[in-house]
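Just below is one structure, and these are the notes that go with it.
The values are calculated or read from the model by the stated rules, or taken from the named source; none is laboratory data. This structure is a prediction, so every number in the text was calculated from the model and none was measured. With ideal geometry, Cβ positions are generated from the backbone for all residues, glycine too; neighbour counts draw on all protein chains shown. Ligands, DNA and RNA are excluded from the accessible area calculation, which covers all protein heavy atoms including side chains. Shrake-Rupley method; radii C 1.70, N 1.55, O 1.52, S 1.80 Å.
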Amino acid sequence: MDSSVVFNIVTTAIAVVAVVTSIVFSARQARIAKHANHISVLVDLLREFRSAEFHEQHDYVCTSLGAEHDPAGGVRGLPAEAKAAFCSVVYYYQSFANLAVFGLLDQTLLVTVLRTRIVSVWKAVRPFVERERALRGEGSEGTYLSTFEELARLAADLPPEHVRNQMAEARRRRRGLMG
């Protein structure tokens, strides 16, 4: 074989390896950047979650809203203080849901972290939301808080052991990196 042919084959092989390596590293970098965006959004939204006032409103919505108020008036029929708690808590989770719908936040991550709370809030506010939809003329399949409803459905469908499985998987990955 002529040395120029061998040289051309070797340089072509090196170029192919360089292109493949570049593609692999670019895909990995894009995935890392996407996760970095998820983390910063999640941290920003969880800042409110650390406030005592939010937890008081959350507890009120989950335990007292339905006991103290008839959902027949919808959300619009709630007195000011109850409506403030409703809006603070429900629209907090609606923000997460909207970010997940538009791909700005990983919905599995979100549902894993807030599963129980999302389900309990939806259960408490569902009669008010459905009545509000009826009052708006949307019916039960309306758009009012529909992304939050979908997020609650996903959270309810996620098995309770999912968090434990995720933690076990993270431990396996760490051991693999160290080993």
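Annotations for the structure displayed:
- Note on region 40-54: among residues that are touching a helix residue (DSSP H, G or I) at 6+ places or on another chain (Cβ under 9 Å) and open to solvent by 50 Å² or more (accessible area, probe 1.4 Å), the one that is farthest from residue 109 (Cα to Cα) is 53.
- Search result, residues across region 60-116 that are hydrophobic (A, V, I, L, M, F, W, C), at pLDDT below 95 and within 17 Å of residue 132 (Cβ to Cβ): 97
- Against the numbered list (1) open to solvent by 50 Å² or more (accessible area, probe 1.4 Å); (2) part of a helix (DSSP H, G or I), residue 76 comes up short only at (2).
- Note on region 126-148: residues that are among the β-branched types (Val, Ile, Thr), touching a residue at least 24 places away in the same chain (Cβ under 8 Å) and assigned to a loop (DSSP other than H, G, I, E, B) amount to 0.
- Evaluated against (1) surrounded by 10 or more Cβ atoms within 10 Å (Cβ to Cβ); (2) closer than 27 Å to residue 98 by Cβ, residue 168 falls short on exactly one condition, (2).
- Members of region 132-165 found to be in contact with an Asp or Glu (Cβ under 9 Å, 6 or more places away or on another chain) and open to solvent by 50 Å² or more (accessible area, probe 1.4 Å), listed by number: 138, 140
- Of all the residues in region 85-122, those that are closer than 24 Å to residue 160 by Cβ, open to solvent by 10 Å² or more (accessible area, probe 1.4 Å) and in contact (Cβ under 8 Å) with a residue 60 or more places away in the chain number 3.
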